[in-house]
Amino acid sequence: MGRAETFEHTADLGLRVFGTDLPDLFEAAGVGLFEIIVANLDQVRPTVAQEVVLQAETLPDLFLAWLNELIFRSETGHSLYGRFRVQVEQVAGSTGLRATIEGEPIDRDRHILDHEVKAATHHGVSIEPVDEGWRAEVILDI
């Protein structure tokens, strides 16, 4: 199972993610993002499932598109997500993602909102294979 950690970056927040393979990396990034947004992610129930399909020219662009899609859906749907099942495909000249995300509408009586994340930025984004699988870094505009 992948993992995510934060690091300080001026007025923003960095997110460093590790995964055994690309799907695990993207799933861990989803969890890491929502651990920043809600302090008690374990209280987010998987009552609603949504499909996400994304395409990008590069893997870093796909990673940014994934995080920004999650932020967009959370903001516009007033929802939180805690479970992610991701498939990543790399085909000549394009990378794609198909995922199922599960969560529920924000319940201010149960959910402790922590940070408002505005966007995942292009500044400093990286995604690369490492000995243990994959590592990605991104700066979040909070």
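The values are calculated or read from the model by the stated rules, or taken from the named source; none is laboratory data. Remember, predicted model here, so these are calculated numbers, not experimental data. Glycine also receives a Cβ, built like all others from the backbone with ideal geometry; neighbour counts cover every protein chain displayed.
For the range 1-79, the strands (runs of 3 or more DSSP E) that sit wholly inside it and include 3 or more residues that are crowded, with 18+ Cβ neighbours inside 10 Å are 12-19. Considering the range 81-102, the residues that are in contact (Cβ under 8 Å) with a residue 60 or more places away in the chain and in contact with a Lys or Arg (Cβ under 8 Å, 6 or more places away or on another chain) include one that is surrounded by the fewest Cβ atoms within 10 Å (Cβ to Cβ), namely Q87. In the range 106-121, the residues that are within 23 Å of L13 (Cα to Cα) form Cβ pairs under 6 Å with partners that are assigned to a loop (DSSP other than H, G, I, E, B) and modelled with pLDDT under 95, at six or more places apart or across chains, as follows: H115/I142; V117/I142.
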